[in-house]
Structure formats: structure tokens, C-alpha cells
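One structure is given here, and the rest of the page talks about it.
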């Protein structure tokens with residue numbers, strides 16, 4: 001039997017109108033140091049987003065989420081932040097902020113496979 005290892009995750013949210021504090025879950029960022037895993041899975045439900053704000057700029061949000069993904073995985077296209085160590089990238093991405101894209105608090109857990117756990121969380125919390 002494989003050993004369970006610590007992972008951390010945060011839910012990625014779109015907050016169309018920050019002053020109203022309403023949000024839609026659009027992704028899950030997961031980091032597991034021991035397995036050297038740092039990924040974010042994203043799915044933007046246009047209908048849900050437009051329900052909260054009919055004038056939402058989804059094209060801009062998708063571009064920002066693409067940057068979020070690039071930074072998370074350390075893609076050079078993600079700029080200087082993507083060059084940081086995995087833990088630093090995850091901490092930067094999940095830091096508290098008052099913008100249209102926010103993350104929940106970071107939650108810990110134990111897993112055998114970070115990739116499998118990530119998919120399960122994504123299906124449960126986003127899809």
C-alpha cells in the first residue's frame with residue numbers, strides 16, 4: 001500500500017461584482033510538495049457567470065485564468081512569477097485578494113495520488 005502524503009488545495013473563484021461578494025467556483029489549485037505536483041484545473045461555466053453579472057467580460061477572465069494556470073505549473077509564458085519555486089507559486093496564487101479572481105482559504109488533506117485527488121476535488125467542487 002502506498003504512503004499517504006500531505007497536499008493543499010484552494011478553490012478558484014470568479015467574483016463578477018466584488019462588492020456583492022457572490023462567486024462561482026471555476027477551478028481547484030492543488031499543491032503536493034512530496035509528489036512535486038502543482039496544478040490548477042479550470043472550467044468556466046458561462047451561464048453561471050452571466051447569471052451573476054450579464055455584462056461580465058468572460059474573455060478577460062479566461063485570459064487571467066490562463067495566466068493563473070501558467071504560473072501554477074511554472075510555464076515560462078507565465079512570466080517572472082512562474083519562475084518561482086512550486087511552493088512560492090502556490091502561495092502567491094492562493095493569497096487573499098479583492099479582485100474578480102479569488103481563491104478560497106487553503107485546505108490540507110492526505111492523498112496517495114495528488115493527480116487523482118485533484119480530479120476528484122475538481123469534479124466535486126466545480127463541475
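Quick note: the coordinates plus some simple rules give every number you see, no bench work behind them. The model shown is predicted, which means the values in this text are computed figures rather than measured ones. As a convention, Cβ positions derive from the backbone with ideal geometry for all residues, glycine included, and neighbour counts pool all protein chains shown.
Roughly how tilted is helix 58-73, in degrees to the nearest 10 and between 0 and 90, from the longest Cα axis of the chain? Once rounded, one gets 10 degrees. The distance between label points at residue 20 and residue 81 comes to 2.5 nm (points 7 Å beyond Cα on the Cα→Cβ vector).
Across the stretch 35-96, the mean sequence separation of Cα contacts (distance under 8 Å, 6 or more residues apart), normalised by length, yields a relative contact order of 28 percent.
Across the stretch 5-125, Cα pairs under 8 Å and at least six residues apart give a relative contact order of 34 percent. Within the listed set 42, 11, 100, the Gaussian network model of the chain (springs between alpha-carbon atoms below 10 Å) gives the highest mean-square fluctuation for 100.
Only helices enter the 222 nm calculation for the chain: every DSSP H run of n ≥ 4 contributes -39,500 (n - 2.57), and dividing by all residues gives -10500 deg cm²/dmol, rounded to 500.
Summary of the geometry: the stretch 109-127 and the stretch 24-77, compared by the centres of their Cα atoms, lie 15 Å apart.
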